[in-house]
Each structure stands twice: as structure tokens, then as C-alpha cells.
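Take a look at the structure below.
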Amino acid sequence: MGRIIPAIFVSLILSGCFYQGRNFDISPVRNIRNDVTTQREIYADFGEPLRRGLENGLENWVYSYQYYELGQLRESKDLYVVFNKDNTVRSYSFTSR
């Protein structure tokens, strides 16, 4: 019985669909401007970040989403935003697959 439950769990993951993170619209990415776009605008466009942190004393937000189908990555989106002390975007990085 102890081996049956993990085997069922693995087979469900490999045979089905699942996602990690929180899906977000990518169209506002093209409107992000360094030293112009504000933290409030990022929040309005993308919602609550998946993670918040500090990098060299500057706040950063991470948005991330991965979709798997039959155990294979089908879609991936990551947005990483670093803010200046005045809450404008210092830099950002967006990748997708």
C-alpha cells in the first residue's frame, strides 16, 4: 500500500496537465520603461507578484508561470522587475517559451 500512493501520484502528474506560479498577461511588458514606469503601474498591470525580494538594497518583484502537459513544459513566462528607491522601474527582464 505504501508504494501504491506515490505511484498513483506520479502517474497522474505524467498523464495530466498542471501549472506552477500564477498566469499573467504579457502585453503590458512592452509598455515598461526604465526610470518612468512606477511600482503602482506594474501592480495594476500584473497584480500581486509571486515573490518579493531585495537585490543590493533595491526591491524586486518576480512574476512566474509554467504550464506542463503530459510531464512536458508547454509554456513558460518569467518577469523580473527591480525598482529604484523612488519606486520607478530600474530594470526588468522578461523571458517566455
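FYI, it's all coordinate maths here, none of it is from the lab. Computed from a prediction, not measured in an experiment: that's the story for all the values here. Methodologically, a virtual Cβ is constructed for each residue, glycine included, from the backbone with ideal geometry; neighbour enumeration extends over all protein chains shown.
Before moving on, here are some points about what is shown:
- Rh by Kirkwood over Cα pairs, then Stokes-Einstein D for the chain at 0.890 mPa s and 25 °C, µm²/s: 162 µm²/s
- Whole-number percent relative contact order across the chain, with pairs defined as alpha carbons under 8 Å at least 6 apart: 29 percent
- Extension gain from S96 to Y19, taking 0.36 nm per residue of separation minus the Cα-Cα distance: 26.3 nm
- In this calculation the C-beta distance from R30 to L73 is compared with R0 = 22 Å, giving a FRET efficiency of 0.35.
- With Cα atoms, 0 to 90° folded angle of helix 4-15 axis to the chain main axis: 60 degrees
- Length gained when the stretch A44-Q66 is fully extended (0.36 nm per residue, less Cα-Cα span): 5.8 nm
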